[in-house]
Every structure is written in structure tokens, then in C-alpha cells.
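Beneath this line is the structure, given in C-alpha cells, with notes to follow.
The values are calculated or read from the model by the stated rules, or taken from the named source; none is laboratory data. Bear in mind the structure is a predicted one, so any value in this text is a computation, not a measurement. When we count neighbours, we look across all protein chains shown, and the Cβ atoms used for this are built from the backbone with ideal geometry, even at glycine.
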Amino acid sequence: VNGAQDLGGMMGFGPVRSEPEDLRFHADWERRVMAMVVATGATQRWTIDAARHARESMPPGEYLTSSYYEIWTRGLEALLVEAGLVTVEELGQGRALDPGEPLTHVLSPRDVAQALATGSPYDRPVAEPARFTVDDRVRTRNLNPTGHTRLPRYARDKVGCRRAGAWWLRLSGHQRAWCRRVSTVALHSPVRSPRTLGRLGRSRPHRRHRRVGELPGPGLNRFTCRWLEKWCDRAGVVAISTVAEVAIGVRASRRCRQGLTDVAAGLAGLVLIRDVSRLSEDAAQIAIL
Amino acid sequence: MRADDSAQPVSIATRVQALEAVLVEKGYVQTASLDAIVETYERDVGPRNGARVVARAWIDPNYRTWLLADATAAIASLGYTGRQGEHMVALENTPDTHHLVVCTLCSCYPWPVLGLPPVWYKSPPYRSRAVLDPRGVLADFGVTLPATTRIEVHDSTAEIRYLVVPIRPPGTEGWTEQDLAQLVTRDSMIGAGLALVP
């Protein structure tokens, strides 16, 4: 989302004020909220990117006038409410009004050290090399997603070299639900071949569709990825694939009909990626020159 | 987001207290776990970890090579692993190139080696200007680099976390790893500062 968190390149915030390195917190509540963010993350009810999105969704005015731990507090409250774990009333009253939902993962004190020392690695095995390799000359796409993105505005539509490897964009629960829908819905192909879709995709909705199959299990195959990517591109959908990976940023949902309607509805701008695949933090948002 | 947003403002401390009470009552978090997390990052995990990594790289050419090739493994070999440092990259400063690390979008920072990020790292002045005016930002830290030094700014914004290896100060030949580590400041491992000169 093009929110207040996307600060790169802005002016007027004044000088940077350093502080001593042994100063960890400025108030006791900061300690508690830091620990709560870590501990609730261990419940596995949301992903790190969902947490980022929750913070980035704050109204810009509030974001810019809040301290970082205040932003964490607001983001955590939003995640908890969205996950259905607590209610707004409970947060307002500071007490539980209903029993908690049984969770599969609750961080116990004896597991803290191990959990912190292990972390949660974000790389995933892939069967095929990513489309872009390090030092490829690339141009970033000019995306304006309403969801979480790793591509800040100052870096959009810029030519550069890919420097880093591929990483996974972790989905929120609701994004995962969309992915499941992708795997059953997106494969209704327009009757015309992808080659002819450019004109069609820009002009009017597809009226007839041919079911070309369902995605095998958790994965898209290579052909499907490429086809889906082309289709999306032609239909005004930003599709990004690194061969074994598919990410779809739905930019122009009104242009998506039938095949991707369900995916597109309400998802304008959201960058999606298949649950089991990786999204390069930069490469998925770039086009090769 | 909250019912009381439009009513009387609630102090953030009260708000956080309420949040913790609800989470504990519902059994989602345990107070002792929160205490242990705070203790870990207040007492155990901090920039002295990174300083040891840097000092080791200064005195051990093989370790330096390993660190630059596979920072995650090289850092793990000293016992520093885990949350917010799962995928590490080390950036070596030289007279030709100075690396500066920022997270323009949030606060991505290598916790296992540097601990929790300082407030300035998470705040708009640094996040906005580091990519636009890195020399100006360095000036805020009292650092002036030669005009011939190229500055590379690394925007973390995701899973890769960066550790800058500052230039070893002159006059430290023969120093032990422990003594050298004292010269490695937190800011120098972000690229916002230089190692101390004895």
C-alpha cells in the first residue's frame, strides 16, 4: 500500500538523532508490546507480511505521529481482531469477555530461548531456478498495490541490477484463501489463445471460457505459470512469475472477468503468491529488460 | 479500530496494559514468556554480538572470507542465530565503498547481531533520507566521507538482514579480538558510523 510507511525519499522530518547503544527501551510499555508482538507471532495465526500490512494500513496521519512501538501496538490489535482472537470491546475494557480460543501454538516460557534462537527461515526449496539471476539488468514495475509490497515508491519503474536472491512473500490467512481460489478458479481459460488476448483484455470482458484444468495439488506447473502470467498481463493484471512461482498483482480488477473475477474482486493491487512458492523480494516485482 | 478512538484518548501505556491483560486472560500469551523475551533482548542479544563478528573478521582472513560469502553460517558459528536474522548478508566497507543500511518501509534489522533497532533507525528522519541524502544522514552522525568514496544504500524491507563490517581502524595491528570488538560501535555496523579509532 502506498501508505505513510513508504518513507524513502521524503523530506522535512528533520535531522537524525542518535542515541546510546545501551538504551533499549524508553518506557516499560515498550518492553511489553515488543514481547507481545514476538509471543503472539508464535501462535502462527498470521504471517510476518500480514503483520507488516496491519501496521502499514494505519491512516498516514496517525502513522507519522505515532512512535514505532505505538505502531506495533495498533498493528497487533488489528491483527488480533482480524483473526477473531479478541474483540474491540475486550481491548477497550482490558479484560476477556469470552474464553480464549484454543490455540495450537502458545509460547511457553521454557520454549522462549529456543524459539528466538531458531527464528523462522523464509527460504523455500524450488524445483527450478528463478527467472532472474543476480546481476541481471532489470526494470522494476510501476505497481501501486493496496496490499503489502516490498517495492517502495522511490524504487518503482527504475532500471537496475538484481542483487539479492529470491524470498518468500508470506501470506495472510485471507490471502491464502485467495490462493486456494486461484488454484481452482484461475484455470478457466478464455477461449481465445493467449496470443490474442492483448486487445481483448484491454477492451471488454471475456464471455466464454474453457476449463483447462485444475492446479495439481499445491502447485502450478511451469506451463501453467507462464500461461497465467501472460493471461494476466494481457488482461491488465500484473502477473509476476519466476518460473516455478506465481505472484499476481491485480491492478485493474475491472478488466478481469470470469476466469479471474473471483480473484480480482476486492483485491485490486494486492500482490499474491502461491502459498508454497517463493517470491523474490525484489525480483518478483521487476521485469527483465 | 477501537471503540474508544473517538472518545477520550487512552494513554498508550494503558492501552498496552489492557492488551496484555486480555491476551493473558485468554491464554494466548504467558506473562513469564513475555518476561523472558524482554530479558533476552534487554540483556543477552545486542550489538556486542555483532562487534565480535566484526572483530573476528578483522583478525581472521578465513573467517572474513566466509562471512562475506555466507554470512548466515559464519555468524551462526559464533552462536548468533534466530529471529530477524535468519538470512544474513555481510557488507564490507572499504575506502572505495561505504555501505549504509536502512529499512525505508519499517524496521528490518539484524536482531541476533545488533539486538533491537534504536529509535532513530525506525523513525522517519532516517528512513526518509537514507536513500535520498546518505551523506547528509552521515553528517547527522558526525561522519564525513571522502567525495571519492561511493556510498551504497541497502534497503532491507524484507527477510535479508545486513551487517556492515566497518574498516578496521589504523594502529590496531596485533590487537586481540576482544580489544578490537570494543572499537566496533552499533552505528558502524549499520554504516551510520565508523569504527572507533584508538
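The table that follows gives values for the structure above.
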{"quantity": "Odd one out for A:LEU103, checked against (1) part of a loop (DSSP other than H, G, I, E, B); (2) at pLDDT 95 or above; (3) of a type in the set (A, V, I, L, M, F, W, C); (4) touching a Phe, Trp or Tyr at 6+ places or on another chain (Cβ under 7 Å)", "calculated": "(2)"}
{"quantity": "Among (1) modelled with pLDDT of 95 or more; (2) touching a helix residue (DSSP H, G or I) at 6+ places or on another chain (Cβ under 6 Å); (3) surrounded by fewer than 24 Cβ atoms within 10 Å (Cβ to Cβ), the one test that B:ILE37 misses", "calculated": "(3)"}
{"quantity": "Hey, A:GLU77 charged (D, E, K, R), within 28 Å of B:GLY82 (Cβ to Cβ) and modelled with pLDDT of 95 or more or not", "calculated": "yes"}
{"quantity": "Number of positions in the stretch B:27-59 that are without any contact (Cβ under 8 Å) to a residue 40 or more places away in the chain, in a helix (DSSP H, G or I) and within 8 Å of another protein chain (Cβ to nearest Cβ)", "calculated": "9"}
{"quantity": "Enumeration of residues in the stretch B:140-178 that are without any contact (Cβ under 8 Å) to a residue 60 or more places away in the chain and among the acidic types (Asp, Glu)", "calculated": "B:ASP140, B:ASP155, B:GLU173"}
{"quantity": "Residues of the stretch B:96-106 classified as surrounded by fewer than 20 Cβ atoms within 10 Å (Cβ to Cβ) and either within 25 Å of A:SER57 (Cα to Cα) or at pLDDT 95 or above (or both), total", "calculated": "0"}
{"quantity": "Filtered residue count, the stretch A:9-30, keeping only those that are facing chain B (nearest Cβ under 7 Å) and surrounded by 22 or more Cβ atoms within 10 Å (Cβ to Cβ)", "calculated": "1"}
{"quantity": "Subset of the stretch B:43-78 (residues that are polar (S, T, N, Q) and surrounded by fewer than 23 Cβ atoms within 10 Å (Cβ to Cβ))", "calculated": "B:ASN62, B:THR65, B:THR72, B:SER77"}
{"quantity": "Candidate set: the stretch B:7-16, residues that are surrounded by fewer than 16 Cβ atoms within 10 Å (Cβ to Cβ) and in a helix (DSSP H, G or I); chosen: the one farthest from the other protein chains (Cβ to nearest Cβ)", "calculated": "B:THR14"}
{"quantity": "Matching residues in the stretch B:140-155 - criterion: being within 9 Å of chain A (Cβ to nearest Cβ) and at negative phi", "calculated": "B:ASP140, B:PHE141, B:HIS154, B:ASP155"}
{"quantity": "Conditions (1) within 7 Å of chain A (Cβ to nearest Cβ); (2) farther than 23 Å from A:THR65 by Cα; (3) among the acidic types (Asp, Glu); (4) surrounded by fewer than 22 Cβ atoms within 10 Å (Cβ to Cβ): number failed by B:GLU159", "calculated": "(4)"}
{"quantity": "Residue check for B:VAL137: without any contact (Cβ under 8 Å) to a residue 60 or more places away in the chain, buried (at least 24 other Cβ atoms within 10 Å of the Cβ) and outside any loop (DSSP other than H, G, I, E, B)", "calculated": "yes"}
{"quantity": "Matching entry among A:ALA51, A:ALA35 (being at pLDDT below 95 and part of a helix (DSSP H, G or I))", "calculated": "A:ALA51"}
{"quantity": "Given (1) within 18 Å of B:CYS108 (Cβ to Cβ); (2) in contact (Cβ under 8 Å) with a residue 60 or more places away in the chain; (3) surrounded by fewer than 19 Cβ atoms within 10 Å (Cβ to Cβ), number of the condition A:HIS105 does not satisfy", "calculated": "(1)"}
{"quantity": "Enumeration of residues in the stretch A:35-49 that are facing chain B (nearest Cβ under 7 Å) and in contact (Cβ under 8 Å) with a residue 12 or more places away in the chain", "calculated": "A:MET36, A:VAL38, A:ALA39, A:THR40, A:THR43"}
{"quantity": "Subset of the stretch A:82-118 [within 26 Å of the chain's Cα centre (by Cα) and either at positive phi or facing chain B (nearest Cβ under 7 Å) (or both)]", "calculated": "A:GLY84, A:LEU85, A:VAL86, A:VAL88, A:LEU103, A:VAL106, A:LEU107, A:LEU116, A:ALA117, A:THR118"}
{"quantity": "Members of the stretch B:103-134 found to be of a type in the set (A, V, I, L, M) and more than 8 Å from chain A (Cβ to nearest Cβ), listed by number", "calculated": "B:VAL113, B:LEU114"}
{"quantity": "Total residues in the stretch B:60-77, condition away from chain A (no Cβ under 13 Å) and of a type in the set (A, V, I, L, M, F, W, C)", "calculated": "5"}
